[in-house]
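The block underneath contains the structure these notes are about, expressed in structure tokens.
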């Protein structure tokens, strides 16, 4: 059972009142302690199951956010003895007890989506490694680049910002996602211009066209990324999956543009756009299913509008891309026959 320790700093009278209310509540609480502070304040410590932490935090914020001496600190409790037992009728069981609370998700997302020199350095390094792997037709090197690519944070933060209707998080995540993608295109374009690039290499050719199977990969990656965030599980392997859907096609786009192959580059760019849309829409849907909502009614209405607009816009764009993919798939055999005739003029004449 996942546990959280909530430290609440309040005036003494308010702290005693909150202690009594929590003790009589249906929240999954495993211990309450108080400690006097300097002046007229008290520290209230509450050990709760993760599923109960979000409603408690929401209630405290709505009641005491105007107080100067009010502060809440949330910490993860690794273990406790004796082992806690969950109430059969607890709110934690009725709610989504297996996920992190909204404040933890927001803090983690904001931190991983920040536009920092380290973020840029990791993007640059992963781009160089991926470009080398693609040009050498080495899946192992390409996979190595996915391990260090920091693409999970900004994209999941964008999806969370659409779910919560949070503009600050959206600005931070959008800045990192856009500048990160531009850096990938710039570095890979330069490498494609300087180094010889063979568009027929397997690792490059496979990302120079969009197939319906790519949609399934991107949808699964987006859903897995959102699930890993909400459950608090390790996101290292999920980050690799997200990077697989985004980094190689973006690097291929830059390489082909730099190598003077604009038509193939546009097909790779189409794959990047398709994967981004699928990632975002899948992550938003998972956040909604997991019950990620703002605390207040007004914020919930604003978030509902933002989420609806994001899903509608993404759905329209994705439908247009699917139509384009189907049209291109029908044209592919004809293009293949033309290429074969160019490569083998003698056999073609026979």
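The values are calculated or read from the model by the stated rules, or taken from the named source; none is laboratory data. Just so it is clear, the model here is predicted, and its values are computed rather than measured. Virtual Cβ from ideal backbone geometry, glycine too; neighbours counted across all protein chains shown.
Here are the numbers for the structure shown:
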{"read-out": "Residue that is farthest from the chain's Cα centre (by Cα) [pool: residues in the stretch 101-129 that are surrounded by fewer than 19 Cβ atoms within 10 Å (Cβ to Cβ) and within 14 Å of residue 149 (Cβ to Cβ)]", "value": "128"}
{"read-out": "So residue 10, is it over 34 Å from the mean Cα position of the chain (by Cα), closer than 23 Å to residue 102 by Cβ and either buried (at least 20 other Cβ atoms within 10 Å of the Cβ) or assigned by TED's automatic domain parsing to the domain that holds residue 291 (or both)", "value": "yes"}
{"read-out": "Which numbered condition residue 188 fails, given (1) modelled with pLDDT under 90; (2) buried (at least 21 other Cβ atoms within 10 Å of the Cβ)", "value": "(1)"}
{"read-out": "Helices (runs of 4 or more DSSP H) within the stretch 127-234 that include 3 or more residues assigned by TED's automatic domain parsing to the domain that holds residue 321 and out of contact with any helix residue (DSSP H, G or I) (no Cβ under 8 Å at 6 or more places or on another chain)", "value": "167-194, 212-231"}
{"read-out": "Of all residues making up the stretch 9-40, the number that are within 16 Å of residue 63 (Cβ to Cβ), in contact with a strand residue (DSSP E or B) (Cβ under 9 Å, 6 or more places away or on another chain) and outside any helix (DSSP H, G or I)", "value": "4"}
{"read-out": "Among (1) under 31 Å from the mean Cα position of the chain (by Cα); (2) within 20 Å of residue 300 (Cα to Cα); (3) at pLDDT 85 or above, the one test that residue 71 misses", "value": "(2)"}
{"read-out": "Residue in the stretch 261-281 that is touching a strand residue (DSSP E or B) at 6+ places or on another chain (Cβ under 9 Å), touching a residue at least 12 places away in the same chain (Cβ under 8 Å) and surrounded by fewer than 24 Cβ atoms within 10 Å (Cβ to Cβ) present", "value": "no"}
